1. Which of the trypsin sites (Lys or Arg not before Pro) across segment 184-259 are loop residues per DSSP, with 14 or fewer other Cβ within 10 Å?
2. Using Cα positions and a limit of under 16 Å, work out the aspartates and glutamates in reach of Lys146, with same-chain residues fewer than 8 apart set aside.
3. About the Cα centre of the chain, how large is the charge dipole given +1 on each Lys and Arg Cβ and -1 on each Asp and Glu Cβ? Please answer in debye to the nearest 20.
4. Take Ala324 and Trp107, extend 7 Å from each Cα along the Cα→Cβ direction, and tell me the distance between the two endpoints in nm.
5. What accessible area per residue, rounded to a whole number of Å², is obtained for the chain using a probe radius of 1.4 Å?
6. Suppose a student asked you for the relative contact order of the chain, using Cα pairs under 8 Å spaced at least 6 residues apart; what percent would you report?
7. If I compute solvent accessible area with a 1.4 Å probe over the protein chains, what percent of it on the chain is carbon and sulfur?
8. Among the aspartates and glutamates, select those whose C-alpha is under 13 Å from the C-alpha of Lys34, and discard any that sit fewer than 8 residues away in the same chain.
Amino acid sequence: MRGPFAFPRLVTALLLVLAAAVGASAATVQVGSKRFTESYLLGAIVTETLARAGVPAEHRPGLGNTAVLEQALSSGSIDVYPEYTGTIVRELLKREGDPSLDQLNDWLAPRGLKAAVPLGFSNSYALALREADAARLGLETISDLKRPAAKGLRLGLSHEFLGRTDGWPALRRAYGLPFASPAGLDHGLAYTALAEGQVDVIDIYSTDARLVGGALRVLRDDRRFFPSYEAVLLMRAGLDAAALQTLTGRIDAPRMIALNAAVELDRRPYAEVAREFVAGLPAPGEAAPPKPGEADAPPPVADAAQRTPSRQSTGARFWQRLWAPDFWRLTGQHLTLVFGSLALAAAIGVPLGVLAWRRPALAQTVLGVVGVIQTIPSLAMLAFLIVLVGGIGFVPALLALFLYALLPIVRNTHAGLLGVGAGLSSAAKALGLTRRQRLRHVELPRAMPTLLAGVQTAATINVGTATMAAFIGAGGYGERIVAGLALNDTAVLLSGAVPAAVLAVLMQGAFEAALRLRHRR
């Protein structure tokens, strides 16, 4: 049977195809990373190292904070990601101290996780401010922030640092700092906000590229609040880490700063920087080359200190990034999310609209429920669905977009059917048409322009909302937007935002053309 009641078959077929696609990648090692430059780079380095050893691997960048990555590991959505020992101890295990790697793995074992492949550097949290301000106010340590001279400083801290157990709340208590409610901002934007005078103190990582050059002063942790943050790979216990052992001790702090600078200051793609780094590592079984810092290794810190942000115009880099090799992959992912969620929403939303029209007593309840769903913030919706589904990626993103698409479809179906004249329905009934026949041949066709307008609205909304899916590893144009925010790179951000905007305009135009064509017929 064709018509509105054929939607369930379409949706079933679509979900079967998607399930097959997900199953096909099950044997591929899934490498995750957080939303900041260093994590992007390390995730790409891990992926390249696995590929070089003949192990199929896929990088899923920018997945969010530690809690999201832990959930992804536990559910099997990812297999490994770069992490830091202090974060594992305090944020994941809720413990204290600086355990050895063996002790740490004893603590992780009940969770089905392990830490391996110490990379060779530590990346601690710290607080930093402009050197001119620090010199003027005489600030050297974190304890100095209690001085009356520092009272007017404005703090701008990353959202994760504000909520971590080893972050701002505990730091404030340990030092007795007077600042009450610091502003929250993305780590990738913090240095820009500091340079423009919008904030005065930010939290930083000790291997950040922008620390070179002497423009900032890092306040000394005089009470030794922050634990050791040795970089390791956190992985599922069953993952064979043999292919990754060539990374052990291969990256010291100066080399990590240089790698970060290549991305943030030289504006080079992080995947390209990672490939070049891995190309210099020994293949499995080969003798290891000298480690960074040895006689024949380049002096990355000195090189990085001389770097300044790339002079190439944002417009030129935008066009390069726009047509990068990942464009069609991201386009396919974005379209799959939009049309998959739209088909699912139409299959369920149209019958719900019909129900609300048939049963006036239920109309307010149905419309109220879908209206409340629409008001839930997208990140909160994604977080809830990750817990409900038990994993990150395509499925929770599809469900979130489906839920957001319900309101315009249900409401417009209901409104369109209300607009069908009672006389027309009575005439159809007098001709002997059954209730179902009247709905299919008379009432729904008359309500179709209003119904399609609701589908059009849902489609346009979902094109924009689908960019949020990148926060949980579902891909799409949002992957570039998230990367642009993390890397503080406007060209990368625009290379994701512009295609999404163009797709929304094209979607709007296609629906309007279809409505005009139907009206002529």
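The values are calculated or read from the model by the stated rules, or taken from the named source; none is laboratory data. Here the structure is a predicted model, which is why all the values come from computation and not from measurement. Every residue, glycine among them, receives a Cβ derived from its backbone with ideal geometry; neighbour counts consider all protein chains shown. Only protein heavy atoms, including side chains, enter the accessible area calculation; ligands, DNA and RNA are left aside. Shrake-Rupley method; radii C 1.70, N 1.55, O 1.52, S 1.80 Å.
1. Of the trypsin sites (Lys or Arg not before Pro), the ones in loops of segment 184-259 whose Cβ has at most 14 other Cβ atoms within 10 Å are Arg223, Arg224.
2. In chain and number order, the partners are Asp133, Asp200, Asp221, Asp222.
3. For this selection, approximately 3040 debye.
4. Here the answer is 3.6 nm between the modelled labels.
5. Computed with neighbouring chains in place, this is 44 Å² per residue.
6. Contact order relative to length: 18 percent.
7. 60 percent
8. Correct list for Lys34: Glu70, Glu83, Glu160, Asp186, Glu479.
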